[in-house]
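Chemist: Can you keep this structure in mind? I'll have questions shortly.
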Amino acid sequence: MTTPAALIPAQAAARLDDYTIIDVRTPGEYASGHLPDAHNIPLDHLHTALPALEAAAARGTLLLVCASGNRSTTACTHLAAAGIPATTLTGGTTAWAGEGHTLHRPDNATAVWPMERQVRLAAGSLVVLGLAAGTRWRPGRWLSAAIGAGLVFSAATNTCGMAAALARLPHNQPLATDLHATLQALQE
């Protein structure tokens, strides 16, 4: 498997107008701050967007973005398998903002925690719950062990089942009309 092309924030900022920017984070994360002119297509909806992304890639380079660069790298790999070239932003919006570049936020948007923070809260809470339950009911400790094993598996495979589950929560879901409008805009 080949590594997708990657740009650091300074390289992307120098030629930002040359890219069609696709933010693969959840809508809530996207609303909390995204690159200028970025289109939001959550990673778990990427397969639906393939025709629109193929049309956009035919007109110019796709720059995929997430919070840290992990999900956008995964998205680039999926697109490459479909024959659609794309580039990822190394370090994602975290590195972009860290270098002083502007993040856009819709006026009426409510901020949602980044997915990695949501995962840390859920995993930590489940570990504490398992330990607390284990003081009264000994098998309760297995919940903590299962979460720990899941975190090790997540790190080893660079995937995250908990993030996939959390992405399905209502505050992380795109509105159907928003995704439809985004796909229409990319095909024009």
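Chemist: For the chain, what is the charge dipole size about the Cα centre, in debye to the nearest 20, if Lys and Arg each add +1 at the Cβ and Asp and Glu each add -1 at the Cβ?
Modeler: 1000 debye
Chemist: 7 Å from Cα along Cα→Cβ at both Arg168 and Leu103: what's the point-to-point distance in nm?
Modeler: Going from the Arg168 label point to the Leu103 one covers 2.7 nm.
Chemist: Give a quick list of chymotrypsin sites (Phe, Trp or Tyr not before Pro) in segment 77-150 that DSSP marks as loop, anything other than H, G, I, E or B, with at most 14 other Cβ atoms within 10 Å.
Modeler: The qualifying sites are Trp137.
Chemist: Filter the trypsin sites (Lys or Arg not before Pro) in segment 1-73 down to the DSSP loop ones having no more than 14 other Cβ atoms within 10 Å, then list what survives.
Modeler: Arg15
Chemist: For Gln187 and Thr48, what does the FRET efficiency come to when R0 = 22 Å and r is the distance between their Cβ atoms, rounded to the nearest 0.05?
Modeler: 0.95
Chemist: Which order do the peptides 32-41, 112-121, 163-172 take when ranked by the mean count of other beta-carbon atoms within 10 Å per residue, highest first?
Modeler: 32-41, 112-121, 163-172
Chemist: Got a sec? Charge dipole of the chain, +1 on Cβ for Lys and Arg, -1 for Asp and Glu; which of Tyr19, Ala132, Thr48 is way out at the positive end?
Modeler: Ala132
Chemist: Between (i) 60, 36, 28; (ii) 64, 39, 24; (iii) 61, 41, 33, which matches Cα extents along the principal axes in Å calculated for the structure shown?
Modeler: Label (iii) holds the value from this structure.
Chemist: Here's another thing I want to ask about it. Add +1 for every Lys or Arg and -1 for every Asp or Glu among the other residues with Cβ under 13 Å from the Cβ of Ser72, and state the total.
Modeler: 0
Where a number appears in this text, it was derived from the coordinates with a stated rule and is not lab data. Not measured: the values here are computed from a predicted model. Positions of Cβ are backbone-derived with ideal geometry, glycine not excepted, and every protein chain shown enters the neighbour counts.
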